[in-house]
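**Student:** Can you keep this structure in mind? I'll have questions shortly.
The values are calculated or read from the model by the stated rules, or taken from the named source; none is laboratory data. Everything numeric here is computed off the predicted structure, so don't read it as measured data. Counting neighbours? That spans all protein chains shown, and the Cβs are built from the backbone with ideal geometry, glycine included.
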Amino acid sequence: MIFSAQYRQHYKSTFLLAYPVVLSQLGHILVTVVDSIMAGRIGTAQLAAASLGNSIFTITLVFGLGISYSITPLVARADGRKNHTRIALVLLNGLFLNMGMGILLFLAFWGLSPMIAYLNQPEEVVRLAIPYVNILFLSMVPLMIFQAFKQFAEGLSLTKQSMYISILANLVNVALNYVLIYGKFGLPALGLNGAAWATLISRVLMAIMMGTFVLTARRFTRYRKYLRWQSISWTHMTRMFKIGFPISLQMIFEMGAFSFSAVMIGWVGARDLAAHQIALNVASVTYMMASGISSAATIRVGKLRGAGDTHGVHIAGYSSLVMGALFMATSALLIILCKDLIPALYVKDVAVQQLAAKLLIIAAIFQLSDGVQVVGLGALRGLEDVRVPSMISLFSYWLIALPIGYALGFVVNLAATGIWLGLFTGLTIAAILLFFRFRKFSPQ
């Protein structure tokens, strides 16, 4: 059945939506990758600080992204019903909700950043990580504004514009990294903090460009006439928050497990933490690309659900799962082939390179599980099924992955390798449970 003409048509439709989202999503993680590579050129301590800082910032990032993801299924469903008024209400209230959450997240985590000193990490790593992560927290404000406009456009199946903007912003980020980290063109060398300032500036640029597109392009004229101050509604924002909050929890449970894994690996040593950052960067790249397919699944399932095409919902979900699995299988093969080459891009320390190569093998093995679980989540979001998937993530990562990782890492003494084997176990269980969840609740 998965090779039938009906499925092939869904593959094509999903791909045309997914590839711009893949490149756009890749933009989020490439900022971290570039920061890590360029920080690693300064020294191992800087790479370890980037790993620690990014692991902590990831919690803030995924919470904000989860809130913003509530916009897409609501817009897609309203688009399926051709309800232009409803689409405009989602844009307006989603924008204000995102702006408010961006400011709250910045203030909350900026105030908590000194607590990093109590995570039992090397003193030099903590000293470098705190100012770095504080600047990243500030970048949440423009990033959330960008996300509001981006998720709105994607809900209308317009995915290419955010792709172009993300690519341009990443080019700006690389250039600014070079200037600010190393002190070029007469500017002082800011080191690791320079990478954070480059990220902030590029995200402000992203918000300005995406907002300008949505608020001025002719294709959105039919919606802009409904954008009135009196249409701002706590009721609408509350409903969106109730959808977005479980998505945020699910993402925090998953990413938080990886972040806490970084903390546990930091107990082993700075070299292990640096190796973890390299392997996690690679795994994050493939994950974010698979999450593009997941976003396409949300759009297509939500729109077909709004149009009342129950059979189409079923086929759209399953075809997306197949695409995610095939993509991640290909990624696994590439990771294995390049496991010895990738670490050399980050750091010159041979011991770090060798350990990172071992972790990359585990990362390759769990690619298939990671692909199925992230696309399964996207398909379920299209059905606005968000609460049970968040509980599946809590169970899989915090009750399975982390305890097993701790046992293998510190009781069996496998160190970083054991912690990554625990993550592999949690991802596999999550993939199985989410697959059967969609199978049970998607209409036939």
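**Student:** Looking at region 68-86, which of its residues are buried (at least 24 other Cβ atoms within 10 Å of the Cβ) and assigned to a helix (DSSP H, G or I)?
**Tutor:** Ser68, Ile71, Thr72, Pro73, Leu74, Val75, Ala76, Arg77
**Student:** Scan region 403-416 and tell me whether some residue there is among the hydrophobic types (A, V, I, L, M, F, W, C), at pLDDT below 95, part of a helix (DSSP H, G or I) and buried (at least 24 other Cβ atoms within 10 Å of the Cβ).
**Tutor:** yes
**Student:** Give the residues of region 158-202 that are surrounded by fewer than 18 Cβ atoms within 10 Å (Cβ to Cβ) and under 30 Å from Arg218 (Cβ atoms), sorted by residue number.
**Tutor:** Lys160, Tyr164, Ile167, Leu168, Leu171, Val172, Ile201
**Student:** For Ser113, indicate whether it is polar (S, T, N, Q), closer than 30 Å to Val268 by Cα and part of a helix (DSSP H, G or I). Steps first, please.
**Tutor:** On the way: polar (S, T, N, Q): yes; closer than 30 Å to Val268 by Cα: yes; part of a helix (DSSP H, G or I): yes.
Taking the combined requirement at face value, the residue satisfies it.
**Student:** Considering only residues that are part of a loop (DSSP other than H, G, I, E, B) and buried (at least 19 other Cβ atoms within 10 Å of the Cβ), look in region 335-361 and name the one that is farthest from the chain's Cα centre (by Cα).
**Tutor:** The qualifying residue farthest from the chain's Cα centre (by Cα) is Asp349.
**Student:** Please verify whether Tyr287 is in contact (Cβ under 8 Å) with a residue 40 or more places away in the chain, crowded, with 24+ Cβ neighbours inside 10 Å and aromatic (Phe, Trp, Tyr), treating the condition exactly as stated.
**Tutor:** yes
**Student:** Turning to a different aspect of this structure: Quick one: count up the residues across region 132-175 that are modelled with pLDDT under 90, charged (D, E, K, R) and within 22 Å of Met99 (Cβ to Cβ).
**Tutor:** Total meeting the criteria: 1.
**Student:** Can Thr298 be described as touching a helix residue (DSSP H, G or I) at 6+ places or on another chain (Cβ under 7 Å), in a helix (DSSP H, G or I) and β-branched (Val, Ile, Thr)?
**Tutor:** In short, yes.
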